Amino acid sequence: MTDPISWDLAERIAVRVAGHEPFAESYHYASLEPDFAEFTAQAEDLVARETGLRSLSGPARARVTDRAGWVRANLASFRRLLRPLTEKLGKRMTAGPFTPLARAVTGAEVGTMLGWMGTRVLGQYDLLIAEHEDPDEQDLVYYVGPNIISIEKRYGFPPREFRLWLALHEVTHRAQFTGVPWMREHFLGLVDGSLSAVDPDPKRFFDALRRAVEQLRAGQNPLDEGGIVSLIAGPEQQELLRKIQGMMALLEGHGDITMNRAGAGLIPSAERFQRVLQERRRTGGPARLIQKLVGIEAKLLQYELGEQFIEAVEKHGGRELFDRVWEAPECLPTLAEIKDPETWMARVRASAVAAQ
């Protein structure tokens, strides 16, 4: 079977596109590792007290990395994420004269996307990397040091406040995936099902492009709901994508709300951090187009939708009602329910009555 992506080329291009941040040589860089070791442990305790979610995988571990290190870690994650699709495509590929060119093109696309993302990401808990064979490489909370120092300097952020604030968000995501026993496998099952449902038929791709043109003529942007993947998804895959989008809206909104609540009184500059990073997310120009193409812009909407959902649920039933989301996969809100919290509340209340 031929691998349809040249991963070696993707790595070389991603590292080149990510570039070298001058602040990587700053004398402030040495403070990152001890700070994030301290703040990741503190954040874990604060998040557990705020949410009731305690990791079943032991204490969180922080790793400060440069852009190239983040790229390499995420390439491993991408290979795991795309495995159902690449295996299917690989079986259809023959070792013809154009095969090396096709592999190089896809490798370049993946590398360019990851390299661009590597210039912007600040922190990340990646549940996919937890599959790594080396125990020391599993279950890590990543912080991209040069990018963090750069934004601290650019906006005059108090470093220790900002670093605790970042740690709270990433540790919340770790608590979601390691403190809820079924969450990780459920998420990976949805992703595998979504990509396995892709029909790697060029005709489907051209049909998707034609639908996109029709949507544009109707005044709609076909990229708004999830990037390129949404354009080639069939009916079965669209349903799985909506489940993933609903789940991620919940988790991203919960991450932001928990970060602010758990850090209340400890991070006086939190409101300013939030405002600056929201503006930074809403990048204009060519970068905005890249965000749309890879589906990042759709993710940015998830923060707002998820927060609104949580606030609406807690307003009607308090934390007790909201915590129903952690009981089982069936209790997760769909994307439609995220947008209309009343429907989710009615559904879970009806299920509670039926269970009595």
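The values are calculated or read from the model by the stated rules, or taken from the named source; none is laboratory data. Nothing here was measured: the structure is a model prediction, and the numbers come from that model. Every residue, glycine as well, gets a Cβ built from its backbone with ideal geometry; the counts of neighbours run over all protein chains shown. Areas reflect the complete protein model, heavy atoms only, side chains present, ligands, DNA and RNA absent. Shrake-Rupley method; radii C 1.70, N 1.55, O 1.52, S 1.80 Å.
Annotation: GLU161 carries an accessible surface of approximately 40 Å², with a 1.4 Å probe and no ligand, DNA or RNA atoms counted.
Remark: accessible surface ordering of LEU266, LEU240 (largest first) is LEU266, LEU240, probe radius 1.4 Å. Under 1.5 on a/c is rounded, so check that first for the stretch 25-76, then, if it is not, pick prolate when a/b is larger than b/c and oblate when it is not; a ≥ b ≥ c are the square roots of the alpha carbon gyration tensor eigenvalues. It is oblate, given that a/c is not under 1.5 and a/b is not larger than b/c. Ranking of TRP7, TRP116 by solvent-accessible surface, largest first: TRP116, TRP7 (1.4 Å probe, protein heavy atoms only, all chains present). Here the simple spin-label model places points 7 Å from the Cα toward Cβ, and for GLU342 and ARG275 these points are separated by 3.4 nm. Residues whose amide H falls under 5 Å from that of LEU140, counting only those 5 or more places apart or on a different chain, are ASP126, with hydrogens built in the peptide plane. Of the accessible area of the stretch 1-76, computed with a 1.4 Å probe over protein heavy atoms only, carbon and sulfur atoms account for 52 percent. For the stretch 3-60 versus the stretch 244-260, the spacing of their alpha-carbon centroids is 19 Å.
Taking every protein chain into account, the 1.4 Å probe leaves LEU305 with about 50 Å² of accessible area, to the nearest ten.
Given a 1.4 Å probe and heavy atoms of the protein chains only, how would you sort GLU330, GLU311, GLU137, GLU21, largest accessible area at the top? Don't skip to the end; give the middle numbers.
Numbers: GLU330 125, GLU311 105, GLU137 50, GLU21 25 Å².
Largest accessible area first, the residues go GLU330, GLU311, GLU137, GLU21.
With a Förster radius of 41 Å applied to the beta-carbon distance between ARG319 and ARG16, the computed FRET efficiency rounds to 0.30.
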